[in-house]
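Comments concern the structure below.
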Amino acid sequence: MKKGFSKVGIVLAAAGSAVGLGNIWKFPYMIGENGGAAFLIIYLLCVLFFGIPIMSAEFYIGRKGLHRWGWMRWLSMAIATFFFSFYLVVTGWCFQYMYLSITDLLSGHSASELSTLFTTFTSSTTIPMFWMGVGVLLTAAIELMGVKDGIERMSKILMPILFCVLLLMIGRGLTMERSYLGMRFLLYPDFSKITPQLILNATGQCFFSLSIGVGALATYAGFMDKDQSLVSTSYRVILLDTLVAILAGMAIFPAVFSLGINPTQGPELVFVTLPMVFDSIPGGHLFEILFFLLLSIAAITSTISLLETQLNFWEMNAKMSRPKGILISSLLVLVLGALAILIHPFFNLLDELVSKYLLPAGGLIFAIYVGWIANKDDVCREMNVRIKGVSIGKFLFVLIRYSIPPTIILVFLNGLQII
Ligand code: TRP
């Protein structure tokens, strides 16, 4: 018998998958690029509208038995592989920056020097490849320990550490002068900033951050207790993930604004702007180390879910043993990751393609499967929870069946300026 997750374990492991670079690296820079609170509001709407139903749908697919996934497993494998390769490269950046902060090589630089440091590093090959290799090794080692002893135990240790570090950083940021400017940016929306592109970005970000659209959570649900509620589990995971994203925003923007820095420069935000922030605050060096440690931890609890998704494929489709699956998947993503490091346009393509299109497309297919192909009564029964005496199983089913598919298609068409 397989050793599955405990009740808290599945929530922590799924939250470990969900909380990652998406929350701490991507979410703040997306907010920065997309005009602050306006993006946050659309993002929260996406989380409510897409998050709970699609995550529950994925859990449902996983619970009904991995053998029934059929062709969806191929899709899931393909998306997970592309996503994992892209994700590993950025995980490598976090390790490198953790190393640079521990050895104190990030202090004393001007903004343009830090920017050059980042560009030189990301366009080089040897060091990014080395750190990507470390990322694969760490992920593989945890996966080798298995679901309960590896994934669950690591999530139970790492997630609370992550939380504490974030709280410390928020305390530091909020006690700086003019930090309220950062909070205002995060909380007061300028509705004129809402465009079709912003909605597409927010939708992609929601799938990225909640780990939905790949089948990773469906894979985890295969190890979930049969009597555990799918919807309540989704709701807890989503709450944790959203909380961490907002906390990350609160940890970053007050400090950035307090120093009068413009937060709109994109993916460089945490690698260029934050070292500058850390450099100019008392005790900054310690916070810098903690921050990059936090980022690395968050990344690893996410990469394990991507590897686990691939293992599910190898196990089901090729009856491969766990160690052999780990070896083959690791080699596969190392090759793709190396290509992404060597060929910059390929990296950018992976980023755009995966987060904006493949994940929502995956979610669309899962929703169509659960809404139209699976047994309706069974779906309603599995999704049934009572909120204040009202059962919401049918409501979720109707959302999954009628509202989600056309909305995702609309967001695509609108974002691509086709309509
Ligand atoms: N959710 C993670 C993050 O925010 C990324 C991630 C890990 C993911 N596993 C996933 C996203 C599976 C989609 C599917 O960084």
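The values are calculated or read from the model by the stated rules, or taken from the named source; none is laboratory data. The structure presented is a predicted model; accordingly, all values stated were derived computationally and were not measured. Every residue, glycine as well, gets a Cβ built from its backbone with ideal geometry; the counts of neighbours run over all protein chains shown.
Below, the figures for the structure above:
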| read-out | value |
| --- | --- |
| The listed residue being more than 25 Å from Ile157 (Cβ to Cβ) and at pLDDT below 90, out of Leu259, Leu294, Leu230 | Leu259 |
| Positions within the range 150-173 being in contact (Cβ under 8 Å) with a residue 40 or more places away in the chain and of a type in the set (D, E, K, R), in sequence order | Glu152, Lys156, Arg172 |
| Condition check for Leu198: more than 16 Å from the ligand (Cβ to nearest atom), in contact (Cβ under 8 Å) with a residue 24 or more places away in the chain and in contact with a helix residue (DSSP H, G or I) (Cβ under 9 Å, 6 or more places away or on another chain) | yes |
| Test: residue in the range 295-308 that is away from the ligand (no atom under 13 Å from the Cβ) and either touching a Lys or Arg at 6+ places or on another chain (Cβ under 8 Å) or among the acidic types (Asp, Glu) (or both) | no |
| Some residue of the range 314-321 being at pLDDT 90 or above, within 16 Å of the ligand (Cβ to nearest atom) and crowded, with 17+ Cβ neighbours inside 10 Å | no |
| Qualifying position, being more than 29 Å from Gly393 (Cα to Cα), of a type outside the set (Ser, Thr, Tyr), more than 12 Å from the ligand (Cβ to nearest atom) and without any contact (Cβ under 8 Å) to a residue 60 or more places away in the chain, among Ala38, Ala78 | Ala78 |
| Residue within the range 166-175 that is buried (at least 16 other Cβ atoms within 10 Å of the Cβ), within 22 Å of the chain's Cα centre (by Cα), within 16 Å of the ligand (Cβ to nearest atom) and modelled with pLDDT under 90 present | yes |
| Residue match in the range 340-354 (condition: small (Gly, Ala, Ser), assigned to a helix (DSSP H, G or I) and more than 14 Å from the ligand (Cβ to nearest atom)) | yes |
| Single condition Tyr180 does not satisfy, out of (1) within 16 Å of the ligand (Cβ to nearest atom); (2) under 26 Å from Phe292 (Cα atoms); (3) aromatic (Phe, Trp, Tyr) | (1) |
| Qualifying position, being at pLDDT 95 or above, under 25 Å from the mean Cα position of the chain (by Cα) and surrounded by fewer than 17 Cβ atoms within 10 Å (Cβ to Cβ), among Leu100, Leu144, Leu137, Leu88 | Leu137 |
